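Nothing in this text is a laboratory measurement; each read-out follows from the coordinates by a stated rule. Keep in mind the model is a prediction, meaning the values are calculated, not measured. Note that each Cβ is placed from the backbone with ideal geometry, even for glycine, and that neighbours are counted across all protein chains shown.
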Protein chains: 4
Amino acid sequence: MWGKNGGPTCSRTPQADASDGVSHLATLMVKCPDRKGVIAALAQLLYGLGCNILASDQFTAEEGVYFQRIRFDLTDMVVGTANKAVLERAIAEVADRFGMEWRLFYDGAVKRVAILVSRLDHCLYDILIRHRAGELRCEIPIIISNHPDLEGIAASFGVPFKHLPVVPGSGPEGKRAQEAQIEALLEELGIDLIVLARYMQIFSEEFCSRHAMHTINIHHSFLPAFEGAKPYHRAYERGVKVIGATAHYATSELDAGPIIEQDVTRISHRDSVQDMIRKGRDLERLVLARALRSVLSDCVMVNGNRTVVFEI
Amino acid sequence: MWGKNGGPTCSRTPQADASDGVSHLATLMVKCPDRKGVIAALAQLLYGLGCNILASDQFTAEEGVYFQRIRFDLTDMVVGTANKAVLERAIAEVADRFGMEWRLFYDGAVKRVAILVSRLDHCLYDILIRHRAGELRCEIPIIISNHPDLEGIAASFGVPFKHLPVVPGSGPEGKRAQEAQIEALLEELGIDLIVLARYMQIFSEEFCSRHAMHTINIHHSFLPAFEGAKPYHRAYERGVKVIGATAHYATSELDAGPIIEQDVTRISHRDSVQDMIRKGRDLERLVLARALRSVLSDCVMVNGNRTVVFEI
Amino acid sequence: MWGKNGGPTCSRTPQADASDGVSHLATLMVKCPDRKGVIAALAQLLYGLGCNILASDQFTAEEGVYFQRIRFDLTDMVVGTANKAVLERAIAEVADRFGMEWRLFYDGAVKRVAILVSRLDHCLYDILIRHRAGELRCEIPIIISNHPDLEGIAASFGVPFKHLPVVPGSGPEGKRAQEAQIEALLEELGIDLIVLARYMQIFSEEFCSRHAMHTINIHHSFLPAFEGAKPYHRAYERGVKVIGATAHYATSELDAGPIIEQDVTRISHRDSVQDMIRKGRDLERLVLARALRSVLSDCVMVNGNRTVVFEI
Amino acid sequence: MWGKNGGPTCSRTPQADASDGVSHLATLMVKCPDRKGVIAALAQLLYGLGCNILASDQFTAEEGVYFQRIRFDLTDMVVGTANKAVLERAIAEVADRFGMEWRLFYDGAVKRVAILVSRLDHCLYDILIRHRAGELRCEIPIIISNHPDLEGIAASFGVPFKHLPVVPGSGPEGKRAQEAQIEALLEELGIDLIVLARYMQIFSEEFCSRHAMHTINIHHSFLPAFEGAKPYHRAYERGVKVIGATAHYATSELDAGPIIEQDVTRISHRDSVQDMIRKGRDLERLVLARALRSVLSDCVMVNGNRTVVFEI
């Protein structure tokens, strides 16, 4: 997720020019060894440049790692036309001093999200409705699916839909071919974030590694319980009294990536597997939506295999 | 949990004489293959004897097993002094016809509960406070512990306390000796139900088998996640966003018995293992109390490794 | 909601012929003074006719009113072609004996639901998606709105949409005229249930009285707090830490009808009114969907100004 | 809650000397008109004095009021023996510049809490158990009650108990006399915070005004619903599907003070008023405990009639 110490902001996020007048807000995320003076240095830096801090949240993990998210307004930045370069140079300088990794996101540069689906429509509908309602600050230039079923929904929201099936019987080669098609499309469209909205294919380790920490998956159990296939069936067998859903970063190890958000709902002995699937739909879409909103608001940072999720 | 088809009510529950005038309520629990006419037969039986059905709940499991709980008032039973024997004979007759297992509990016969604890006091306090407040219909003739620490709490509620330690270094023999002491005490006191209120010893398979389905344990995770030791530490490592607690029947397989009740609470990256332990205390005592109340109200029936928990 | 004592089933629900082979399930709802023998009489009646009771739930209110819902299978009813008439006559006979009000719903006779909306789309979308997913057993022959905005959504789900505006400046007369148009449409389409899915007009007392107990409204607060207009604004002003939503039967007194379902979500000082509105959308659609599902499954009975909501 | 602009820290909180070596942590709470540079000024100030910021949280209310809580370590403060005075002078200087109200709490100065109770014991037990478990950083030098019933519980935790009844039939005079006795005791014991743990007397307006913002009450409903007496009875009458509890600062207007914490629990038609009272007990003690913990951790600030509750 993070460039090298002192590196520039992620090249995947093209930055709109603040001179377009649309938005002059930005979010700075930093991660560094815990040391005295970090807060003061950053606050002083921004204040000195005429930026107004709107919100700041921080967290020091037990391992001695410091995380901070600063949201600020650069409307009154005093440095003239080249202000962004100045800002970034100033941050780089402080980052260097404290051994920081950092990322800077300008609100003008909206993230571009690809949604991957298969046949289930509830998460897709939910994301599209929230996006239309303005809840999710992103562009959705493409919906990709290994099945054609949901094309109509994409169309009703005016979002392009691409059917990229795995050719039946084509084995690992066929799967790799499909992944290559997907990656080409992601590259072509400048995608920043991949959302697996109940996408029913398991990606290869290579794909996962290349897209770790910008791929979000929704799994229909409260992980680490019921990793893998058919979690509701296994929850039924085990006789649990709550079922859950988990949104996490997809990594090369199945259902084992850093968890972003989880929630549960109560069930009883009366609930069949079908009832769990129905109740689970509500849970899956809510949990995925919350995780997505946090990520799109630049509130999520990764700490090993755990996440720091600042409030929006 | 169940006697043989047509068998009498559990001998562990001595039945008070309804002639004492205290209570004339009873609960009948039946389990049989799903067949037409069961409800009608039981309703007719009770009506014919002058009993008034106060509540009835039923459930047919997918496997074709029928469960029913009937709560009724026998105040107006028409059959004279020998009425209980008549009632039980009538039930046995119907049970025989439908291949029922059944248990009958008279309210006058309050269950006798042994609480087993180690050093943590929150679950013990909670049970004792609820018991004093009248939330739990049972007698608590003994608190047993492998540590002396909680004797003062037992004393402040006027409950006998027995310290039965495992002799350090005594190996499996020592453990078995302690279990034998516990079992002798349970037998002597006519205990119907064992509550492991954060008892930190693992019982032998033999002990568990002998006491399965009348031993309730509280485990500090949402099972099946984090079975075994140190669940909060492992929840922390995994980076989950909810922690849970599970009350279940203890069986010879660790943390794998039928689940009676579960609940969870949200945590965030800010919560250390210590915070989880603190938040978990509230969860553990609530979940254990709910499960215990359900069991004491004769609302819980076992269906393989799952439970049917009727509303009280 | 209930016909007279011993009266026939609601004439608003045309009953499909069981001979169509589609479904042979039915639900009987009864309400009567609490008396011994009711359960036995109904169980015996159904058993005697060859019906198989699948589920039965009952409740005796403190005021001495008895409620029961019985779900049964009439596939094996022994009485030949005229079986429904026989069944209904038998029920009427028992009902007469116990002073019962009763309603009988055959699964073949699906309820017809009109959805009324204004400009907000989240509840409408939610109902339509659930309906398409098979979660709601009903037909939706019409969406009625006082604004044209949501016509496109109706179209994308293939549901007829009727724009019936209140003519601006037409005063109470204009409003009454619009209500008359709505009622004519409801009558014409044989509507059984009206769902106010964030419909922003307040109906006249006359309209409400005529449609009480078959009109469900969703109110965006945990009633009785914040009845009437702008509940989120008032919740913000009061500084509450939870917001809620309430689904209730609309009656002539605003937001005071029997509550069917409620739920809440946590908020903090960080949540603006706009945040509450956003979070509230999730709550409103969930609460309305649960209430609607309960009503459509014939699980809701009215007890004065309170409801009995049996589990589905 | 707040002294005058630039005023000293609350005189009710005697400050232990940091030289005792126990704790060198402190919490600074500030409130001022929203202006650029506040964060930088405070961060710089603390950094300059050698203090290490451990956590910082802030909030800008829509009305343009800025709130911040800073937790810091003064172990390495560079200014020698008179360091606290230097620190406080430095803060006062910055506060003056920005028009800040501020309070500074040293961890060495533990708050002194008086618990007021009547006959119900569940909240009292809960606070005492949590206090013993180390969850609540405070001293509890006194439990005051208008009834003698709970003296035994106080004794079992070793806390002094004072029975201060309102003399029956003594009218408003008698009540005022009792309040005077209470206030004398609070004064004598140097009490910082009053907790009304189901204290069933309503204090006079004068008492409330004098103790506003350092008196916490637990009310057994989700305010603003069911203010005043018998909320569970009224909740039952209204037929709600959730019941709640609210912890708030007591003010001279009954149940209308700033809300600190709320939560709810689900109920159904089966729950009688007695069931609500039982379920409510769990809710009341949890909500009160969470509010108390927040206040004792210096996380709660008042914004008009609303609260800002920072995470601990």
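Remarks
- Summing Cβ point charges (Lys, Arg +1; Asp, Glu -1) relative to the Cα centre of region B:111-309 gives a dipole of roughly 680 debye.
- Between copies, A:Ser272 shows label-point distances of 3.7, 4.7, 5.0 nm, shortest first, with the point placed 7 angstrom from Cα along Cα to C-beta.
- Residue (of C:His233, C:His163, C:Ser209) at the positive-pole extreme of region C:152-244, dipole from beta-carbon charges: C:His233
- About the centre of its Cα atoms, the protein assembly as shown shows a dipole size close to 0 debye [charges on the beta carbon of Lys, Arg (+1) and Asp, Glu (-1) only; nearest 20 debye].
- Mean Cα-pair separation over length for region B:199-254, i.e. relative contact order, pairs under 8 Å, 6 or more apart, %: 53 percent
- Other-chain or far-sequence residues with amide H under 5 Å of C:Leu54's (modelled H): C:Arg71, C:Phe72, C:Asp73
- Rounded tilt (10° steps) of C:38-48 against the dominant C-alpha axis of chain C: 60 degrees
- Compactness relative to 2.2 N^0.38 Å, alpha carbon Rg of the protein assembly as shown: 0.99
- Among B:114-127, B:159-172, the order from most to least packed when residues are scored by Cβ within 10 Å on average: B:114-127, B:159-172
- Counting from the shortest, the label point at C:Arg35, 7 Å from Cα toward Cβ, is 3.2, 8.1, 8.7 nm from the same position in each remaining copy.
- Simple spin-label estimate for A:Ala85 and D:Glu151 gives 8.3 nm between the two label positions (7 Å along the Cα-to-Cβ direction from each Cα).
- Nm distances between copies for D:Arg97, ranked from closest, using label points 7 Å along Cα→Cβ: 1.8, 9.0, 9.2
- With respect to chain A, whose longest principal axis is taken over its alpha-carbon atoms, helix A:83-98 is tilted by about 80°.
- Per residue, the convex hull volume that the Cα atoms of chain B enclose (Å³): 142 Å³
- Over the C-alpha atoms of region C:18-106, the Rg to Rh ratio, Rh being the Kirkwood estimate, stands at 0.97.
- For B:Val308, distant residues with modelled amide H under 5 Å away: B:Met301, B:Val302, B:Asn303
- Values of log10 I(q)/I(0), in the order q = 0.08, 0.09, 0.13, 0.19 Å⁻¹, for region D:80-234 under a Debye, Cα-only, solvent-free model: -0.32, -0.39, -0.74, -1.23
- Legend: mean number of C-beta atoms from other chains within 10 angstrom of residue C-beta atoms, peptide B:145-158, equals 1.
- Among the residues of C:37-48, the average count of other protein chain beta-carbon atoms within 10 Å of the residue beta-carbon is 6.
- Legend: mean number of C-beta atoms from other chains within 10 angstrom of residue C-beta atoms, peptide D:259-265, equals 4.
- Each Cα pair under 8 Å and six or more residues apart adds its separation to the average, and for chain D the resulting relative contact order is 16 percent.
- Residues in region A:30-56 reached by a label modelled at D:Asp76 [backbone nitrogen below 11 Å; 7 Å Cα→Cβ]: A:35-38
- 3J(HN,Hα) along region C:168-175: x, x, 8, x, x, 4, x, 5 Hz, from the Karplus curve 6.51 cos²θ - 1.76 cosθ + 1.60 with θ = phi - 60°, whole Hz, x for Gly and Pro.
- Computed E for B:Glu311/A:Glu253 - FRET, C-beta separation, R0 45 angstrom, nearest 0.05: 0.60
- Couplings 3J(HN,Hα) of region A:212-225, computed from phi: 4, 6, 10, 10, 10, 10, 10, 10, 8, 7, 7, 4, x, 6 Hz, in residue order, whole Hz [Karplus 6.51 cos²θ - 1.76 cosθ + 1.60, θ = phi - 60°; x for Gly and Pro].
- Checked against a 18 Å cut-off, the cross-linked pairs A:Lys241/A:Lys279; D:Lys241/D:Lys279; D:Lys230/D:Lys279; C:Lys162/C:Lys279; A:Lys230/A:Lys279; A:Lys279/B:Lys31 give Cα-Cα distances beyond that limit for C:Lys162/C:Lys279; A:Lys279/B:Lys31.
- Taking the Cα centre of region B:18-106 as reference, the dipole from Cβ charges on Lys and Arg (+1) and Asp and Glu (-1) amounts to some 100 debye.
- Using the Karplus relation 6.51 cos²θ - 1.76 cosθ + 1.60 with θ = phi - 60°, the per-residue 3J(HN,Hα) values for region B:116-133 come to 10, 9, 10, 10, 7, 9, 5, 5, 4, 3, 4, 5, 5, 5, 5, 4, 5, 7 Hz, with x marking Gly and Pro.
- With 10 Å bins beginning at zero, the pair-distance distribution over Cα atoms of region B:114-201 amounts to 17, 51, 27, 5, 0 %.
- Taking region A:110-210 and dividing mean pair separation by its residue count, relative contact order in percent (alpha carbons under 8 Å, at least six apart): 38 percent
- Positive-pole candidate from A:Pro224, A:Phe105, A:Ile194, dipole of chain A, charges at beta carbon: A:Pro224
- With neighbour counts taken as other beta-carbon atoms within 10 Å, the residues A:Thr27, A:Thr75 rank, fewest first, as A:Thr75, A:Thr27.
- Per-pair calculated FRET efficiency, R0 = 51 Å: C:Val167 and D:Glu205 via Cβ, rounded to 0.05: 0.45
- The chain A residue nearest the rotation axis shared with chain B, using its Cβ and rounding the distance to whole Å, is A:Ala225, 2.
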